1. Of the numbered conditions (1) without any contact (Cβ under 8 Å) to a residue 12 or more places away in the chain; (2) part of a loop (DSSP other than H, G, I, E, B); (3) open to solvent by 80 Å² or more (accessible area, probe 1.4 Å), residue 106 satisfies every one except a single condition; which is it?
2. Among (1) open to solvent by 90 Å² or more (accessible area, probe 1.4 Å); (2) farther than 22 Å from residue 99 by Cα, there is one condition residue 58 misses while meeting the rest; what is its number?
3. So which residues in the stretch 67-90 are modelled with pLDDT of 80 or more and either among the β-branched types (Val, Ile, Thr) or within 16 Å of residue 41 (Cα to Cα) (or both)?
4. Out of the residues in the stretch 14-44 that are touching a Leu at 6+ places or on another chain (Cβ under 9 Å) and in contact (Cβ under 8 Å) with a residue 12 or more places away in the chain, state the one that is surrounded by the most Cβ atoms within 10 Å (Cβ to Cβ).
Amino acid sequence: FVSERYLDLMNETQVAQLTTNATINRPGSYRYAVVTWYQPIKVQASIFLTDGNTTLYTKQGSLHSSVGVDGMVSTHMISATALNEEPSEMSIIMLNNGGTFGKFQNPFVITQD
């Protein structure tokens, strides 16, 4: 895993990076926007199920992406190892909220300066 792409949510200094300004390098006049977030979380864990007999372990997997008929990209993590076999491994859990589209009442203009 590439650690500089992730923030340790238990580290105040790293969490503070979430409030920094971002530079937009695509000046133009925009009428529509897509608002979405993609939440990858790096975790290593053992999960005990309520049946009292089963433990699941996080595993490394590979990413598989596909484009739906709506043009949206869907990405899934697939594990090649059974989740009920020890030990747990560092893994990435992903949550894609699907996002939403919106139209600005007036064009949203981003200038070079």
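1. (2)
2. (1)
3. 67, 69, 81, 88, 89, 90
4. Here is the first cut: in the stretch 14-44, the ones touching a Leu at 6+ places or on another chain (Cβ under 9 Å) are 14-15, 17-18, 37-41.
Then keep just the ones that are in contact (Cβ under 8 Å) with a residue 12 or more places away in the chain; that gives 37-41.
Working: 37: 9, 38: 10, 39: 9, 40: 14, 41: 12.
Among residues in the stretch 14-44 that are touching a Leu at 6+ places or on another chain (Cβ under 9 Å) and in contact (Cβ under 8 Å) with a residue 12 or more places away in the chain, the one surrounded by the most Cβ atoms within 10 Å (Cβ to Cβ) is 40.
The values are calculated or read from the model by the stated rules, or taken from the named source; none is laboratory data. Just so it is clear, the structure is predicted and the values come from calculations on it, not from any experiment. Cβ sites come from the backbone with ideal geometry, for glycine too, and all protein chains shown count toward neighbours. Ligands, DNA and RNA are excluded from the accessible area calculation, which covers all protein heavy atoms including side chains. Shrake-Rupley method; radii C 1.70, N 1.55, O 1.52, S 1.80 Å.
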